[in-house]
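**Q** After the structure tokens below, expect a handful of questions from me.
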Amino acid sequence: MRKPFIAANWKMNTNSKSAVELATGVVKAVDGIDNVDVAACPPFVYLQSVIEAVGSDSKLAIGAQDIFYEGNGAFTGEISAEMLTDLKVKYVITGHSERRHVIGESDELINKKTHAALDAGLLPILCVGELLEERESGKTNEVVSDQVKKGLAGFTADQALKITIAYEPVWAIGTGKTATSAQAQEVHAMIRELLAQMYDAQTADQMIIQYGGSAKPENTKELMSCADVDGLLVGGAGLKADSFGEMIKITSELYASL
Ligand code: PGA
């Protein structure tokens, strides 16, 4: 059985005080839960204080929301893998839809970032997902497959096992509109099938595929009950320790009963 993995993406939220409070609140909320991997991705500027507050071997692993693909050097405003590993950051999100669609990142850039992360020993969370018009014109599988193939270009099966895929339909992010569990399962199964073609059935079977897009305590059980949904990437509901903690408890109980 795959171990569920629930991560909060804090996006451009919190401040120096509330970031530490939120992280320590989550640590308290997940105390005693061992059957779920848990992470939070604060803004870059609060990574250090959050890691100092929770400890680098805490059950709450810490991730960054982005990375640059080059090593250190003349890249104004960017953050390298080395800087993140120096702080004991464990995960890094690549290809989030806001970076694809607001900042304009390409699949090629996202692939380079994912390689830089993995090469440095960070664990990437590679996000993919279709826009509303792509879903409405029947292009979901085509768009998502293309993003998965391009995002994972150049990785071996052993490397791919360290990468989490997050399927986040863009129309469900921050809108309150969650994909139904049937919609999520359909795309997750398609991604796993694609991973089996790209690598092999065993690799595909072990890879973690998270769902993201208005995930909250109320829909956690239904989403996490889907055969190919192995975790959640949580935006809004991850900004409150009690709601995020609740999602982890629900998942823990569900998996304990399987
Ligand atoms: P949301 O964001 O949960 O607020 O929809 C999810 C995400 O963008 O990762």
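**Q** Among TYR69, GLY25, ILE209, flag the residue with its Cα farthest along the positive direction of the charge dipole of the chain, charges on Cβ as +1 for Lys/Arg and -1 for Asp/Glu.
**A** Positive-most Cα among the choices belongs to GLY25.
**Q** With only alpha-carbon atoms counted, please give the Rg and Dmax of segment 5-256, in Å.
**A** Here Rg and the maximum Cα pair distance are 16.9, 49 Å.
**Q** What order do SER257, SER214 take when sorted by accessible area (1.4 Å probe), most exposed first? Mind showing how you got there, number by number?
**A** Values: SER257 90, SER214 25 Å².
If we order SER257, SER214 from most to least accessible, we get SER257, SER214.
**Q** Let me ask something else about it. Describe numerically, in nm with one decimal, the distance between label points set 7 Å from Cα along Cα→Cβ at GLU52 and at SER16.
**A** 0.9
**Q** Return the long-range amide H neighbours of THR175 (sequence gap of 5 or more, or a different chain), with a cut-off of under 5 Å between placed amide H atoms.
**A** SER214
**Q** Would you list ILE165, ILE103 from the most to the least accessible area, probe 1.4 Å?
**A** From most exposed to least exposed: ILE103, ILE165.
**Q** Compute the distance from the alpha-carbon center of segment 241-258 to that of segment 46-66, in whole Å.
**A** The distance from the Cα centre of segment 241-258 to that of segment 46-66 comes to 21 Å.
**Q** A further question follows. Could you let me know the centre-to-centre spacing of segment 171-227 and segment 80-149, using Cα atoms, in angstrom?
**A** 16
**Q** Also, I was wondering about something else. Share of the chain's accessible area from carbon and sulfur, percent, 1.4 Å?
**A** The value for the chain is 50 percent carbon and sulfur by accessible area.
**Q** Report the paramagnetic label zone for ASN35: residues of segment 222-258 whose backbone N is under 12 Å from a point 7 Å from Cα along the Cα-to-Cβ axis.
**A** Within reach of a label on ASN35: 249-258.
**Q** Residue-wise, which Karplus ³J(HN,Hα) couplings in Hz belong to segment 48-54, taking 6.51 cos²θ - 1.76 cosθ + 1.60, θ = phi - 60°, and x for glycine or proline?
**A** 4, 5, 5, 5, 5, 6, 8
**Q** Run down the lysines and flag those whose C-alpha is under 22 Å from the C-alpha of LYS11, throwing out any fewer than 8 positions away in its chain.
**A** Within the straight-line cut-off, LYS11 pairs with LYS28, LYS59, LYS88, LYS90, LYS112, LYS113, LYS177, LYS216, LYS240.
**Q** Along segment 77-85, what does the Karplus equation 6.51 cos²θ - 1.76 cosθ + 1.60 (θ = phi - 60°) give for ³J(HN,Hα), rounded to whole Hz, x for Gly and Pro?
**A** x, 8, 10, 8, 4, 4, 5, 6, 5
**Q** Dipole size in debye (nearest 20) for the chain around its Cα centre, Lys and Arg Cβ +1, Asp and Glu Cβ -1?
**A** Details: 23 positive and 35 negative charges, 87 e Å.
That gives the chain a dipole magnitude of about 420 debye.
The values are calculated or read from the model by the stated rules, or taken from the named source; none is laboratory data. Computed from a prediction, not measured in an experiment: that's the story for all the values here. All Cβ positions, even for glycine, are placed from backbone atoms using ideal geometry, and neighbour counts span all protein chains on display. Note: areas computed on protein heavy atoms with side chains; ligands, DNA, RNA excluded. Shrake-Rupley method; radii C 1.70, N 1.55, O 1.52, S 1.80 Å.
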